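Student: Below are the structure tokens for one structure; questions will follow.
The values are calculated or read from the model by the stated rules, or taken from the named source; none is laboratory data. For clarity, every value in this text was computed on a predicted model and none was experimentally measured. Positions of Cβ are backbone-derived with ideal geometry, glycine not excepted, and every protein chain shown enters the neighbour counts. Protein only, heavy atoms only, side chains kept; ligands, DNA and RNA dropped before computing areas. Shrake-Rupley method; radii C 1.70, N 1.55, O 1.52, S 1.80 Å.
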Amino acid sequence: MKVTVFGCGYLGATHAACMAELGHEVLGVDVDPQKVERLNSGELPFYEPGLSDVLRRGIDSGRLSFTTDSAEAADFARVHFLGVGTPQKKGEYGADLRHVHSVIDDLAPRLHGEHLIIGKSTVPVGTARELGARARLAAQPDAAITVAWNPEFLREGFAVDDTLHPDRIVLGLNADDTDTRTESIVREVYAQILDEGIPFLVTDLATAELVKVSANAFLATKISFINAISEVCEAAGADVTMLADAIGHDARIGRRFLNAGLGFGGGCLPKDIRAFMARAGELGAPQALTFLREVDSINMRRRAAMVDLATAACGGTLLGANITVLGAAFKPESDDVRDSPALSVAGQLQLKGATVSVFDPKAMDNSRRVFPTLNYANSIVDAARGADAVLVLTEWNEFVHLDPAEVTPLVRRTNIIDGRRCLDRKAWETAGWTYRALGGTPALLPTVTANTLVRG
Ligand code: UDX
């Protein structure tokens, strides 16, 4: 099949490359000529494991290319995916739909005959219906434009796998539309994936839009739940990691997304829960989602708690302190620093008088753009020189498995602070370090029997 994908960011570029991998002919469209040029030469403008190979395979096969020209896209295909960003509005909770609107305004008048626009961006409920009306209003007399919604659930770091082997595919259709062609077209696009037996759920437009934001709200709530519990654990001297293991064995609860620590960030969860609250208010259900305010504030409190922990480790003041921050991306296996908890903590520490040295395996360039005044080191060793405290704020593998003996000779004081509860406390303490963890110090039990008994 021939398809276009509007928007070539984390979502759109991944979708375009994966659609070519499925054998479709794909034209990616973006307003940024530099991004388009890089993609056409097989170079990814961001880091995503495995995606470079998929992109190159697509380009080499001749099935994948990119353009800034929406007229070319209008002629190229009858199926158009919409994967542009929906960031938070400045100074407001709601989502900024200007990119989504501009694709429709640009594309719709150029279409002739029957076309299907399949939205993938995360949007406030009601947007898809509104976009359908907007497209039809701008359409030529000989054009018939349908808008359907097919939310994307991919995680950065696992984007290729999540796109090619998703947990489910959700398709929202206009309930007034009696035509079954849209469903057939989408089934054809995803035929290979559906052959694997992936669940395919057809809903109305509003439900499909809400599935996405509800899923993200649930995940954010799960993380803030365990972080709230970690505050109690810390006060009571209990171990939140063992607690998460124990409650996670209950299949109704599940262990995933119960990792306490510095909390969530990134380009999705924070802005999506805020846009969801704003939309509920607009719809006249303002009380329904007030709990998400608490989810948000528990999450932001983790960053302040991390700053307090670092201040305590430096003897009560950050003035004159050298702090090493390991991790800047909002999570490992990504170079994305949008609303990164790690960078936010690094920035706060600097504002309070510390000299902060940051190292991240992939996110250095993006970090420099957002926080140009922090010091950026070339390696862990470079970052750790003269440190009064070393903070692990993103759980990259090379930080998790860092050998304390490697950094001991470099630092001024042997303080390690585990912002993601991912380090081996015993190893660091044995090497002579003072170990602190966000959410309370994990228990060191005298034998492994207690754990074995509980987990067994
Ligand atoms: C999220 C959703 O998972 C995905 O389905 C949706 O399409 C987009 O938003 P992503 O933003 O890539 O994906 O990251 P995710 O893996 O969900 O992690 C979000 C944040 O939560 C990260 O900052 C991560 O460090 C944090 N997190 C995650 C925790 O603090 N604890 C956990 O147990 C899990």
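Student: Would you be able to tell me the number of residues in the stretch 234-248 that are more than 15 Å from the ligand (Cβ to nearest atom) and either open to solvent by less than 30 Å² (accessible area, probe 1.4 Å) or assigned to a loop (DSSP other than H, G, I, E, B) (or both)?
Tutor: Residues in the stretch 234-248 being more than 15 Å from the ligand (Cβ to nearest atom) and either open to solvent by less than 30 Å² (accessible area, probe 1.4 Å) or assigned to a loop (DSSP other than H, G, I, E, B) (or both): 3 in total.
Student: Looking only at the stretch 171-181, decide whether some residue is at pLDDT 95 or above and touching a Lys or Arg at 6+ places or on another chain (Cβ under 8 Å).
Tutor: No; the residues of the stretch 171-181 include none that is at pLDDT 95 or above and touching a Lys or Arg at 6+ places or on another chain (Cβ under 8 Å).
Student: Would you list the strands (runs of 3 or more DSSP E) that sit entirely within the stretch 25-86 and hold 2 or more residues that are surrounded by 18 or more Cβ atoms within 10 Å (Cβ to Cβ) and over 25 Å from the mean Cα position of the chain (by Cα)?
Tutor: 64-67
Student: List pairs: first residue in the stretch 32-50 and of a type in the set (Phe, Trp, Tyr), second residue in a helix (DSSP H, G or I) anywhere in the structure, Cβ distance under 7 angstrom, at least six positions apart or on different chains.
Tutor: Taking only residues 6 or more apart or on different chains, the pairs are Phe46/Tyr10.
Student: Which of (1) away from the ligand (no atom under 14 Å from the Cβ); (2) touching a residue at least 60 places away in the same chain (Cβ under 8 Å) is the odd one out, the single condition Glu406 does not satisfy?
Tutor: Condition not satisfied by Glu406: (2).
Student: On to the next question. Report whether or not Leu164 is in contact with a helix residue (DSSP H, G or I) (Cβ under 6 Å, 6 or more places away or on another chain), outside the structural domain of Ala329 (by TED's automatic domain parsing) and closer than 20 Å to Leu51 by Cβ.
Tutor: yes
Student: Can you name the condition, by its number, that Leu173 falls short on among (1) in contact with a strand residue (DSSP E or B) (Cβ under 6 Å, 6 or more places away or on another chain); (2) closer than 19 Å to His101 by Cβ; (3) hydrophobic (A, V, I, L, M, F, W, C)?
Tutor: It fails just one condition, (2).
Student: Follow-up question, since we're still on this one. Any idea which of Val123, Val147, Val103 is open to solvent by less than 20 Å² (accessible area, probe 1.4 Å) and in a helix (DSSP H, G or I)?
Tutor: Answer to the check: Val103.
Student: Give the residues of the stretch 384-435 that are open to solvent by 60 Å² or more (accessible area, probe 1.4 Å) and either within 20 Å of Phe330 (Cβ to Cβ) or not in a loop (DSSP other than H, G, I, E, B) (or both), sorted by residue number.
Tutor: Correct list: Glu395, Asn397, Glu398, Ala405, Glu406, Pro409, Lys426, Glu429, Thr430, Thr434.
Student: Report every pair of residues separated by at least 6 positions or lying on different chains whose Cβ atoms are under 7 Å apart, first residue within the stretch 358-372 and over 18 Å from Pro45 (Cβ atoms), second assigned to a loop (DSSP other than H, G, I, E, B) and among the hydroxyl-bearing types (Ser, Thr, Tyr).
Tutor: Phe359/Ser379
Student: Based on what the data block shows, is Gly320 assigned by TED's automatic domain parsing to the domain that holds Ile223, more than 25 Å from the chain's Cα centre (by Cα), open to solvent by 30 Å² or more (accessible area, probe 1.4 Å) and of a type outside the set (Asp, Glu)?
Tutor: It is true that Gly320 is assigned by TED's automatic domain parsing to the domain that holds Ile223, more than 25 Å from the chain's Cα centre (by Cα), open to solvent by 30 Å² or more (accessible area, probe 1.4 Å) and of a type outside the set (Asp, Glu).
Student: Is it fair to say Leu55 is within 28 Å of Asp195 (Cα to Cα) and out of contact with any strand residue (DSSP E or B) (no Cβ under 6 Å at 6 or more places or on another chain)?
Tutor: Judged against the criteria, Leu55 is a match.
Student: A follow-up question, please. Could we say that Leu269 is within 13 Å of the ligand (Cβ to nearest atom), open to solvent by 10 Å² or more (accessible area, probe 1.4 Å) and out of contact with any Phe, Trp or Tyr (no Cβ under 6 Å at 6 or more places or on another chain) here?
Tutor: For Leu269, the condition - within 13 Å of the ligand (Cβ to nearest atom), open to solvent by 10 Å² or more (accessible area, probe 1.4 Å) and out of contact with any Phe, Trp or Tyr (no Cβ under 6 Å at 6 or more places or on another chain) - is met.
Student: Applying the selection to the stretch 115-168, what residues are among the polar types (S, T, N, Q) and more than 16 Å from the ligand (Cβ to nearest atom)?
Tutor: Selection gives Thr127, Gln140, Thr146.
Student: Is it the case, given these coordinates, that Phe264 is in the same structural domain as Val358 (by TED's automatic domain parsing), open to solvent by 50 Å² or more (accessible area, probe 1.4 Å) and within 11 Å of the ligand (Cβ to nearest atom)?
Tutor: It is false that Phe264 is in the same structural domain as Val358 (by TED's automatic domain parsing), open to solvent by 50 Å² or more (accessible area, probe 1.4 Å) and within 11 Å of the ligand (Cβ to nearest atom).
Student: Hey, among Ala251, Ala288, which residue is within 23 Å of Val123 (Cβ to Cβ), exposed (fewer than 14 other Cβ atoms within 10 Å of the Cβ), away from the ligand (no atom under 16 Å from the Cβ) and in the same structural domain as Ala342 (by TED's automatic domain parsing)?
Tutor: None of the others qualify; the one that does is Ala288.
Student: Please pick out the residue among Leu309, Leu262, Leu258, Leu219 that is touching a residue at least 40 places away in the same chain (Cβ under 8 Å) and assigned to a loop (DSSP other than H, G, I, E, B).
Tutor: Leu262
Student: If you check Phe330 against the conditions, is it within 16 Å of Ala377 (Cα to Cα) and aromatic (Phe, Trp, Tyr)?
Tutor: When the stated conditions are applied, Phe330 does not pass them.
Student: Could I ask something else about it? Tell me yes or no: at least one residue of the stretch 370-379 is among the hydroxyl-bearing types (Ser, Thr, Tyr) and either outside the structural domain of Leu262 (by TED's automatic domain parsing) or within 16 Å of the ligand (Cβ to nearest atom) (or both).
Tutor: no
Student: For the stretch 323-341, how many residues are among the β-branched types (Val, Ile, Thr) and within 9 Å of the ligand (Cβ to nearest atom)?
Tutor: 0
Student: Going by the structure shown, is Ser344 within 15 Å of the ligand (Cβ to nearest atom), at pLDDT 95 or above, surrounded by 19 or more Cβ atoms within 10 Å (Cβ to Cβ) and not in a loop (DSSP other than H, G, I, E, B)?
Tutor: yes
Student: Answer yes or no as to whether Ile193 is modelled with pLDDT of 95 or more, open to solvent by less than 40 Å² (accessible area, probe 1.4 Å) and β-branched (Val, Ile, Thr).
Tutor: yes
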